[in-house]
1. Consider F109 carefully, then state whether it is outside any helix (DSSP H, G or I) and open to solvent by less than 50 Å² (accessible area, probe 1.4 Å).
2. What's the number of the only condition in (1) modelled with pLDDT of 90 or more; (2) farther than 21 Å from Q343 by Cα; (3) surrounded by 19 or more Cβ atoms within 10 Å (Cβ to Cβ) that K262 fails to meet?
3. Filter the range 59-106 down to residues that are in a helix (DSSP H, G or I) and small (G, A, S) and give me whichever is surrounded by the fewest Cβ atoms within 10 Å (Cβ to Cβ).
4. Modelled with pLDDT of 85 or more and within 26 Å of the chain's Cα centre (by Cα) - does that describe any residue in the range 118-126?
5. What strands (runs of 3 or more DSSP E) completely inside the range 158-258 contain at least 3 residues that are at pLDDT 80 or above and under 24 Å from the mean Cα position of the chain (by Cα)?
6. Can you report the number of residues in the range 136-157 which are open to solvent by less than 70 Å² (accessible area, probe 1.4 Å), at pLDDT 90 or above and not aromatic (F, W, Y)?
7. Could you count how many residues in the range 27-54 are part of a strand (DSSP E or B), closer than 23 Å to Q248 by Cα and in contact (Cβ under 8 Å) with a residue 60 or more places away in the chain?
8. Please specify each residue of the range 23-58 satisfying the condition of being surrounded by 16 or more Cβ atoms within 10 Å (Cβ to Cβ) and closer than 30 Å to L190 by Cβ.
Amino acid sequence: MEPKRIREGYLVKRGSVFNTWKPMWVVLLEDGIEFYKKKSDNSPKGMIPLKGSTLTSPCQDFGKRMFVFKITTTKQQDHFFQAAFLEERDAWVRDIKKAIKCIEGGQKFARKSTRRSIRLPETVDLGALYLSMKDTEKGIKELNLEKDKKIFNHCFTGNCVIDWLVSNKSVRNRQEGLMIASSLLGEGYLQPAGELSKNAADGTAENPFLDHPDAFYYFPDSGFFCEENSSDDDVILKEEFRGVIIKQGCLLKQGHRRKNWKVRKFVLREDPAYLHYYDPAGGEDPLGAIHLRGCVVTSVESNPDVRKSEEENLFEIITAGEVHYFLQAATSKERTEWIKAIQVASRTGK
């Protein structure tokens with residue numbers, strides 16, 4: 001009987017020989033992890049046994065790389081994976097940890113309902129707290145803050161974080177709030193912006209997180225950027241990054257010239273409505289941008305440049321300037337989610 005598939009999707013994996021980061025189609029089974037060069041491959045490029053393995057998350061061995069986790073096998077071999085965003089990493093980590101625990105206890109992997117007692121857990125769930133902080137209505141408000149002739153976009157102050165924790169009864173007092181905020185900072189759920197908060201995070205202050213109105217912080221996937229007093233051209237260029245991120249993840253994109261397909265990380269912003277795509281193996285600057293205002297997006301059942309075996313879950317974006325982009329999602333549900341999100345952005349964004 002074949003092992004049950006628990007989770008699958010694109011992750012970026014660090015090579016064991018050349019140490020390069022490349023996107024892989026990853027499949028979590030009950031007893032191991034298989035990874036493929038692409039989804040349509042019949043045989044995996046490699047397999048990681050889970051029995052006796054340990055998982056480290058977050059893994060901060062690679063500086064600017066976010067949302068990395070590490071699996072160490074019984075033979076002390078390290079395997080590093082990078083997710084596209086926080087919630088995706090946490091979902092993989094949660095299922096892998098459970099699979100390892102099931103193997104050790106001789107149990108079958110089975111998902112259970114999360115609707116348990118409403119009592120707070122003994123230990124704070126930083127992931128859940130982070131999602132509450134990001135809630136558009138009840139969370140921490142992201143602002144454009146100015147200091148030292150610089151504008152920090154999509155930011156908030158340290159004392160606002162503590163105020164929010166106390167007012168939402170996530171902590172009992174400001175001192176306890178400092179401990180929780182420092183943990184959020186250490187786990188990568190918050191990032192420092194500006195010299196004051198960066199110096200504190202680097203260890204030059206008594207506490208890594210500052211309860212201070214001049215200490216700026218931001219969410220790692222919020223679209224944060226800092227700009228100095230600049231020319232009008234620079235402002236226009238950066239305008240497309242001002243939109244709030246409403247969806248992100250990995251998709252296959254067809255090239256315009258060679259018609260070849262490559263995995264790209266996509267970030268969808270609204271107001272203004274842009275879909276930026278990046279090299280999922282790294283790089284802060286986008287490879288390109290699709291202006292979505294007035295675009296048309298539809299499912300595609302066939303494409304002359306795609307083999308029959310690879311025609312699943314295709315969709316097409318046609319911009320107002322009549323440029324065609326062909327993309328492929330991993331599942332039918334994911335395709336539908338992307339189409340709906342893009343349609344909303346195209347109607348409401350600038």
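The values are calculated or read from the model by the stated rules, or taken from the named source; none is laboratory data. Every value quoted in this text rests on a predicted model; they were computed, and no experiment measured them. No Cβ is skipped: glycine too gets one built from the backbone with ideal geometry, and neighbour counts run over all protein chains shown. Protein only, heavy atoms only, side chains kept; ligands, DNA and RNA dropped before computing areas. Shrake-Rupley method; radii C 1.70, N 1.55, O 1.52, S 1.80 Å.
1. Yes: the conditions hold for F109.
2. For K262, the failing item is (3).
3. So the residue we want is G105.
4. No, the range 118-126 contains no residue that is modelled with pLDDT of 85 or more and within 26 Å of the chain's Cα centre (by Cα).
5. Passing ranges, in order: 191-193, 216-218, 244-254.
6. Selection size over the range 136-157: 4.
7. Residues flagged as part of a strand (DSSP E or B), closer than 23 Å to Q248 by Cα and in contact (Cβ under 8 Å) with a residue 60 or more places away in the chain within the range 27-54 amount to 1.
8. Hits for the range 23-58 are P23, M24, V26, L28, I33, S53, L55, S57, P58.
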